[in-house]
1. Check off (1) under 23 Å from A:S727 (Cβ atoms); (2) among the aromatic types (F, W, Y); (3) touching a Ser or Thr at 6+ places or on another chain (Cβ under 9 Å); (4) within 10 Å of RNA strand B (Cβ to nearest atom) for A:Y649 and give me the number that stays unchecked.
2. From A:G565, A:G542, grab the single residue that is of a type in the set (G, A, S) and within 16 Å of RNA strand B (Cβ to nearest atom).
3. Can you tell me which of (1) surrounded by fewer than 22 Cβ atoms within 10 Å (Cβ to Cβ); (2) outside any strand (DSSP E or B) is the one A:Y514 doesn't meet?
4. Tell me the helices (runs of 4 or more DSSP H) entirely within the stretch A:209-304 that contain at least 2 residues that are exposed (fewer than 14 other Cβ atoms within 10 Å of the Cβ) and either of a type outside the set (F, W, Y) or on the phi > 0 side of the Ramachandran plot (or both).
5. Given (1) assigned to a helix (DSSP H, G or I); (2) of a type in the set (A, V, I, L, M); (3) in contact with a helix residue (DSSP H, G or I) (Cβ under 7 Å, 6 or more places away or on another chain), where does A:L567 come up short, assuming only one miss?
6. Residues that are closer than 30 Å to A:K667 by Cα, charged (D, E, K, R) and under 41 Å from the mean Cα position of the chain (by Cα): does the stretch A:797-816 have at least one?
7. What are the residues in the stretch A:346-374 that are crowded, with 23+ Cβ neighbours inside 10 Å and either on the phi > 0 side of the Ramachandran plot or within 9 Å of RNA strand B (Cβ to nearest atom) (or both), if any?
8. Let me spell it out: the conditions are (1) within 45 Å of the chain's Cα centre (by Cα); (2) aromatic (F, W, Y); (3) more than 9 Å from RNA strand B (Cβ to nearest atom), and A:Y660 meets all of them except one. Which number is the exception?
Amino acid sequence: MGGLALNERYIASEIEAKWQKVWAEQNAFGSEINRQKPEYYVLEMFPYPSGKLHMGHVRNYSIGDVFARFKKMQGYNVLHPMGWDAFGMPAENAAIKNGIHPAKWTAENIANMRRQQQEMGLSYDWEREVTTCSPDYYKWTEWLFLLFYDMGLAYKKKAAVNWCTECNTVLANEQVEDGRCWRCDSPVVKKELEQWFLKITQYADRLLADLGELKGWPERVKVMQENWIGRSVGAEFSFDAPEIGEKIAVYTTRHDTIFGVTYVVLAPEHPFVAKLTAGKPEETAVSAFVERVRNLSEINRTSTETEKEGIFTGAYAVHPITGEKVPIWVANYVLLEYGTGAVMGVPAHDQRDWEFAKKYNLPIRQVIAPQGGHETDFAKWTAAYDGPGVMVNSGKFDGLNGETGKEKVADWLEKHKVGKRRVTYRLRDWLISRQRYWGAPIPIIYCDKCGTVPVPKKELPVLLPENVRFDGGAVSPLAEVEEFINCTCPKCGGKARRETDTMDTFICSSWYYYRFTDAKNANEPFDTAKVNYWAPVDHYIGGIEHAILHLLYSRFFTKVLKDAGMLNVSEPFKNLVTQGMVIKDGAKMSKSKGNVVSPEEIIAKYGADTARLFILFAAPPERDLEWSDQGVEGASRFLARLWRIVGHYAPTVKAAEKGYDPGSLTKAERELRRALHATIRKVTDDVGVRFNFNTAISAIMELVNAMYLFREQVAQPNPGLIRETVSGLLKLLAPFAPHITEELWNETIAEGSVHQQTWPSFDAEAIQVEECEVVLQINGKVRDKIVVPVGLNAKELEAKAFEQERVKALTAGKQVVKVICVPQKLVNIVVKE
RNA sequence: GCCCGGGUGGCGGAAUGGCAGACGCGGCAGACUCAAAAUCUGCUAUCAGAGAUGGUGUGGGGGUUCGAGUCCCUUCCCGGGCACCA
C-alpha cells in the first residue's frame, strides 16, 4: 500500500467536506453556453423552503444529480441549477404564529436547506440560483402577468370561487381535492368574489393535443392531464321559453337522443330561474330550493352520493324539433359552470335523468334500441341505457345508428339555426388571485376615472411593503396598508388604489426553469437566445403530486411565451421522471406517524455517498421506496468494500504504465477485463436509456465482487489491466457516489477530477466470450447444461446435445418430434412417449 | 362507475418470449482470532430425498407457443387518478 489515507478505514465525513470545498472553489459545476457541445438541461423541481430537507428531497436530488453528472461525463454541456419556490402560506403562518417576518423566516430556511444540499454533494451551478420572493425575480413574475394581460389572457370577473376558510384565500380548481384545500385539507366553500383569472381554457386544445408529443412522460401523468382537461364533443342547441321570451341553451354529447327529451333542467344558479318563476305560485318554493342548494358545501354539492333533487318551475319550453312542450325544472345535479348550465332531460338514456324522472314521475321515452345483449323490452328496464344503438321513436331519424344519427341531428340543428356542434372542456380558467401577503403583487391599479389600469412596465416591481400586520384575519394584510393601496393613476395622474391581492405561487413556479437560463438578466425575464439554447428541460424530476398542478400550468405558460415570441419551444419538459414516495413501515414518512428519518442524521452518521447510494439502489426511481436502516448499512458496507479493494490495488495502479496488450492476458485476467467492459455496457444503458439506477448499482457491485475473486486467484496481475479496471470502476460509480470516487481517483489515477473524465466506453471485443453455457431442455424442462464454443451453429449445437449421456438416456425409446436450437442459449428437444 | 399503475423468496427488488429469484438485506456455515467485532469465502424459493435427482412455484382460472413472470382472454386483491362534466 502506498502509505496514504487508503491504509485507513473509510470515513466519509473526512473526505466529503474536503471535496465539496474543492468543487466549490473550482466552480466545478458552472455552466455557460457552448455551441461546440450538445446541451443537456437537468432539473429537479425546486423546493418550497420549509426549513430542512426530507428524504423525498434527498431522493429527488440524488436522481437528478446522477443524470447531471452522467451527461457531463458523456460530453454534454450540462445545466443543473437550483432555486427556491419561496412565496407561500407557511411563511405567512410562521409570521402570524411566531412574529417572524416572512422574508426573514424564508431567508433563514433557504440558507439551511442550501447548506444541506451542499452537504449532499450535489452538482449545482449555484451562480444561477433563483429565489421567487426576491424582487429581482418577482419583478418579472409581475411583468409576465402584464404580458398575459396585454395578450388578453388575464381578466377579472365575478364568480363563485373556491374559498379556503383556513387559509383565508381563494383557490384554483386544480388546488381543490375532494372539496378540500390541497395544502391544509380544510373544507372549501363557494364565495361570490371578483377575481383575476388566466385564460388557460383558450389553450385547452393545444394542451391536450401536445400531450401526444411527450414521449418521455409517464403515461399516467398524461392520462391525468387528459382527464383534467376533459374534452367532450357534442352539440349546443336551444329550447324556446316563450313565457320569458328567451332561449334556453343546453349542451349534450348525446344529441342522438334528442327525441327522448321529456323535460329541461337548469342549474340552481342559472339566471333564468328567477325570471321563469316570477309571479308564479312556484316562486317561493323554487327560490327556497335554490337558496338551500347554494348553501351546500362543495363536498356535499358535488358528491355522486347526494340524491338528485329538483323542483318544477311552473314554466315550459318548446322542443326545437318536435315543437313539443316540456316542463322546465331546476335541479341540484346541474352545474352552472359546465356547458350552458342547463341540460336536456333524457331519462331513458342517462342514468342521472332516469333517477330524477323516477323520483318526480316524469315521462320516460325510449329513443335508442340497444345493441349487444341488452334487454330490448323497454318495459323491463330498471335503469337507463346509455350504450350504443339505433335511433327509434325519432321521426325521420329512425333507423340511424347513433353515431351517424348524431351527425344528422347536428346537421339539422345547424341548418335550422337552432344549434351547432360544440366542443366543451372540463378545464376552467385559472384563478390566480390570492388574498395573502407573501406572494407577487398583481400589478394593477384601479382608478375611478380610468378603471382598471396596468402598472407601467418601467415602474415594476410593485414591491411588497415590509411593515404589515399579520393577525390571521380574513382580510389580506396588504389591504390594511394605506401607503401601499393609495397611489396615483398612471393614466390620468389622479388618486387611485392598488390591487391588494397577490398571485398564486404556482405562477412563480411556472417559469422559473426559463429564468435559470439567464438568471441575472436585469432587463427582461430571460434572453431569447439563451433560453432557446438550453430549453426545453431535457430531464425533469419531481413528485407525482404535480401531475396536474405545476406541470399543467408550466405547459400553459410555455405555450403563451412561445406565442409571445419569447422562446421557440412548445413544451417545457422533454423527459419527466415522477419519483415515488419514501415510505417507512408501510406509510409515507410524516411527523404524525413518527416514522420520519432525518437526512441530516443519516448524512452525519454514514456520509452523503451512502445516503445517495442507498436511496438509488433500494428501488427504481418511479416506485415507492421502503426505507431500511439495514439497507443503509449495506450501502455503507459496499463503499467500505470498494475502499479496501481500490486501496489494495492503489500501489499497482500508481506504478502501472497506461495501456497493455490484451493478447498477453491470462484467462483470469481476460475474465476480469470482460467483467469490466460488460459492466460499462450495462451501467451506460441503465443510466442513459432505461433510467434504472438500482440495476446499474447492482452491476457495479458485481464488478467489485469480481475484483475480490480475482484478487484471490491472481497474485501478480497485469498492472495495466488493474489500472484500467480501477479507473473504469471509479468513473462508473462517480455519478452515484461522487466523494469517495473522487478521493480514490485522487489516490490512484491522480489525473484531474474523476468528474471531469470522459464516460468510459466498452470494448466489444473484450465482452466476447470463447465459450458459453447452453441449456438442454426436454419438453421445455431443463435437463442438462453444456459448455460449448460460442461459434456453434444450430445444427452443430443439436448434434452436440444428442451426444450428451443424459439426453441419450432421457430420449431413449422415444420419438423426437421436434428440436429447437437457439445458438448460445438453448436446445429444446420435444419428444413423444 | 370510468381510466392508469402494481401483485415474484423471510424483506427491498432482478429477469430483449429462452436456466425465475441478479444485486442487496436478513439467516446459516467456514476461514481469520485466545475470544468477539470487523473482514474474507461459501450456502440460502419450496416439497420429497442421505444424495444424485425429481416434483411444485411469479394473486386465481383459461388460452397462444417447442417454451410464458413476460403475449392474449377472464377473474380477484392492493395503490393512484377522475367522477352528478350532461
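1. Only one criterion in (1) under 23 Å from A:S727 (Cβ atoms); (2) among the aromatic types (F, W, Y); (3) touching a Ser or Thr at 6+ places or on another chain (Cβ under 9 Å); (4) within 10 Å of RNA strand B (Cβ to nearest atom) is unmet by A:Y649, namely (4).
2. Values: A:G565 fails: within 16 Å of RNA strand B (Cβ to nearest atom).
So the residue among A:G565, A:G542 that is of a type in the set (G, A, S) and within 16 Å of RNA strand B (Cβ to nearest atom) is A:G542.
3. (1)
4. Details: elements: A:219-229, A:272-277, A:283-294, A:298-302.
Per the criteria, A:219-229, A:283-294.
5. Unmet for A:L567, out of (1) assigned to a helix (DSSP H, G or I); (2) of a type in the set (A, V, I, L, M); (3) in contact with a helix residue (DSSP H, G or I) (Cβ under 7 Å, 6 or more places away or on another chain): (1).
6. Keep residues of the stretch A:797-816 that are closer than 30 Å to A:K667 by Cα, which gives A:797-806.
Then keep just the ones that are charged (D, E, K, R); that gives A:798, A:800, A:803, A:805-806.
If we keep only those that are under 41 Å from the mean Cα position of the chain (by Cα) as well, we get none.
Within the stretch A:797-816, not a single residue is closer than 30 Å to A:K667 by Cα, charged (D, E, K, R) and under 41 Å from the mean Cα position of the chain (by Cα).
7. A:V346, A:D353, A:F356
8. Condition not satisfied by A:Y660: (1).
The values are calculated or read from the model by the stated rules, or taken from the named source; none is laboratory data. Please read all numbers here as calculations on a predicted model, not as lab measurements. Glycine also receives a Cβ, built like all others from the backbone with ideal geometry; neighbour counts cover every protein chain displayed.
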